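In what follows, a single structure is set out as structure tokens and then discussed.
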Amino acid sequence: MMGVLRLVLGDQLSPNIAALDGLDPAHDVVLMAEVMRECTYVPHHKQKLVLVLSAMRHFAAELRARGIAVDYIRLDDPDNSGTLTDELTRAIARHRPEGIICTFPGEWRVLEAMRGWEEGLGLPIEIREDSRFLCPLPRFRRWAQGRRQLRMEFFYREMRHETGLLMDPDGPVGGQWNYDAENRRPFTSGLAAPPPRRPAPDAITQDVMALVESRFAANFGTLDAFAWPVTAAEAEAALADFITHRLARFGDHQDAMAAGQPILFHALVSTSLNLGLLSPRACCEAAEAAYRAGRAPLNAVEGFIRQILGWREYVRGLYWLKMPDYARLNALEATRPLPWSWWGGETRMNCIRQVVRQTRDLAYAHHIQRLMVTGNFALLAGLDPAEVNEWYMAVYADAYEWVELPNTHGMALHADGGVIASKPYAASGAYINRMSDYCRLCAYDVKAATGPDACPMNALYWDFIARHEHRFAGNPRMAMPLQTLRKMPSEKRAALQAQAAGFLAGPEMRPEA
Ligand code: FAD
Ligand code: DLZ
Ligand code: SF4
């Protein structure tokens, strides 16, 4: 008889993961399983599949090198049962453990399965808190309790106090908590970022690439540019590259978008953070050290730390506070299917084309591209939140429901009716024109709202405001657009609504074939 079976999931690849705490190398076995169910519950981008499976294989090799027994089930193992539950059943028969220890997962559906294991498998199951996050879930619940509004900014300030990150003895470094107002510089021609140094696929990754190309040939995305870190060492090198070459300008240009420059000054650390190859604290500390050494300005460093210590922890807390009902909310009653352009179909909208193309090639888009191009379009056009969520889950290499859902459902689509954002992030073409060079090269005219070549975002924006006029009437943050709409001559309003209706019924909105 052996000791305990310790389950490590594909996004729990940290040496200090809770399930490995107190591991007895003489008796315990770690179980890791590549299973079809996890590879198909959404049609993942090919790069995401390669990333997760390759990182799992590397992590298993690292554990074995430390003398830990790893029972590793490969996707092409002929006896592979296809699900985590069935792989556990098979592993129990092989090892006859006294119990199973696992770590709290990143998705509600996996937690539901875990909760059934004790009864189904007839063994004690211990589900340990995922200690890799800076805010434990009970702590978040305490923060949320009794609050009418759950605003990220207030949560973030408490996290700064508690972690001591970017704090002086008398308060926040620089005297201000948040430098967001200095992080919205528009696109300027000539803006160019140094290309990131990214790791080349090694032999293990190349093996997985061949597996994915053969088993998931029809999935969205290409593998040619695969360059994601698959080990902690590669992730740390990628973080160091960001801190040295891009962090200093991250703040100023955080919201800018440029054709042909998909990454600009962003960090490219979400895939590594979400897999567990990097720790959130290490990312924040590296940025703070750059500030203290005079190598990066405060607006950049505070902006970066806010994304990780603030937004990332906040959306996770909200996800677990609000699930499972959260995923079913559809406050704006949006029902339109996804247009085929989101899967690579033809579109005249350059902003959508640019973002979808880079998503296909890199499995990456930065925050403003996700929020203000595809997200904004989905909001204005009234795309079905369930379909939009599935798309974001499928196409980005960093997508796990705990982080994807609050961002898409809440922040981008306002489907939660305002839990995350006090007003919808709705914008016309003018915003995209200010923040990017997309409009300069677009077949549509960003300055026009009606007519055959008018930018669709413009009429869609006014149509959206008009559609939800009554819902937004009580929201002071929507007062400006509502006032403009109400002052609008009725013929103009009718023309904008007819323009929007024409676009929504036209070829650009052809649903996925
Ligand atoms: P940077 O811009 O360099 O930021 C640094 C880090 O901050 C990121 O790596 C990330 O860990 C964290 N961060 C920044 N913004 C957020 C945020 N809003 N929520 C949580 N963490 C944040 N992020 C994911 O990790 N997975 C997702 O599935 C995901 N889906 C999103 C869907 C939508 C509609 C939107 C608007 C945002 C989504 N985000 C998601 C948040 C954000 O877009 C990505 O974290 C970021 O683009 C990753 O690139 P980066 O590492 O270069 O980030
Ligand atoms: C995303 C993913 C994929 C593609 N494959 C696997 C897998 O084969 N085995 C595994 O343990 N985990 C995988 N994962 C990650 C899980 O989907 C993830 O752990 C859950 O969604 C919870 O976040
Ligand atoms: Fe997008 Fe409109 Fe600009 Fe074209 S003109 S890139 S459709 S915002």
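Per-structure values
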read-out	value
Compactness relative to 2.2 N^0.38 Å, alpha carbon Rg of the stretch 65-126	1.18
Cα-Cα over 29 Å, subset of 48/447; 423/487; 46/423; 322/423; 423/447; 48/322	48/447; 46/423
Value of D in µm² per second that Stokes-Einstein yields for the stretch 4-128, Kirkwood Rh from Cα pairs, at 20 °C (1.002 mPa s)	146 µm²/s
Reduced Cα scattering model of the chain, Debye log10 I(q)/I(0), q = 0.14 Å⁻¹	-1.55
Residue-wise HN-Hα coupling along the stretch 241-258, computed from phi with Karplus coefficients 6.51, -1.76, 1.60 (Hz; x: Gly, Pro)	4, 5, 4, 6, 10, 10, 3, 4, 9, 4, x, 4, 10, 4, 9, 7, 9, 9
Dipole of the stretch 108-240, positive direction: furthest Cα of 114, 211, 188, with charges on the beta-carbon	188
Value at 222 nm in deg cm²/dmol, rounded to 500, when DSSP H runs of n ≥ 4 in the chain each add -39,500 (n - 2.57)	-12500 deg cm²/dmol
Scaled radius of gyration (Cα, divided by 2.2 N^0.38 Å) that the stretch 432-496 gives	1.24
Distant alpha-carbon pairs in the stretch 336-401 (separation over 21 angstrom), percent	11 percent
Solvent-accessible area, 1.4 Å probe, carbon plus sulfur percent, for the stretch 340-509	54 percent
Accessible area of the stretch 4-128 divided out per residue, in Å², using a probe of 1.4 angstrom	39 Å²
Percent carbon-and-sulfur accessible area, the stretch 4-128, ignoring ligands, DNA and RNA, probe 1.4 Å	52 percent
Debye, to nearest 20: dipole size of the stretch 4-128, +1 on Lys, Arg Cβ, -1 on Asp, Glu Cβ	320 debye
For the stretch 398-474, fraction of C-alpha pairs farther apart than 20 Å, in %	46 percent
Alpha carbon convex hull of the stretch 216-306, volume per residue in cubic angstrom	118 Å³
Helix 84-95 axis, angle to the chain major axis (alpha carbon atoms, nearest 10°)	10 degrees
Nearest-ten-degree value, helix 385-395 long axis tilted from longest Cα axis of the chain	60 degrees
Acute angle (nearest 10 degrees) that the helix 152-163 long axis makes with the longest principal axis of the chain, alpha-carbon atoms	40 degrees
Charge dipole (the stretch 340-509, unit charges on Cβ, about Cα centre) - positive-most of 368, 464, 480	480
Local electrostatic count, residue 253, Cβ distance below 14 Å [Lys/Arg +1, Asp/Glu -1]	0
Principal axis box of the stretch 109-162, alpha-carbon based, largest edge first, Å	44, 23, 16
Solvent-accessible surface (1.4 angstrom probe) belonging to residue 131, in square angstrom, nearest 10	80 Å²
Cα gyration tensor shape of the stretch 340-509, rounded if a/c is under 1.5, else prolate or oblate by comparing a/b with b/c	oblate
Solvent-accessible surface (1.4 angstrom probe) belonging to residue 423, in square angstrom, nearest 10	60 Å²
Positive-pole candidate from 16, 61, 99, dipole of the chain, charges at beta carbon	16
DSSP loop GluC sites (Glu not before Pro) with at most 16 other Cβ within 10 Å excluded, longest remaining stretch of the chain	130-332
Solvent exposure ordering (accessible area, 1.4 Å, most first) of 348, 316	348, 316
Area of residue 37 that stays accessible when all protein chains are in place (1.4 Å probe, Å², to 10)	110 Å²
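The values are calculated or read from the model by the stated rules, or taken from the named source; none is laboratory data. What you see is a predicted model, and the numbers here were worked out from it, not measured in a lab. Here the Cβ is made from the backbone with ideal geometry for all residues, glycine too, and neighbour counts use every protein chain on show. All accessible areas refer to the heavy atoms of the entire protein, side chains included, with ligands and DNA or RNA removed. Shrake-Rupley method; radii C 1.70, N 1.55, O 1.52, S 1.80 Å.
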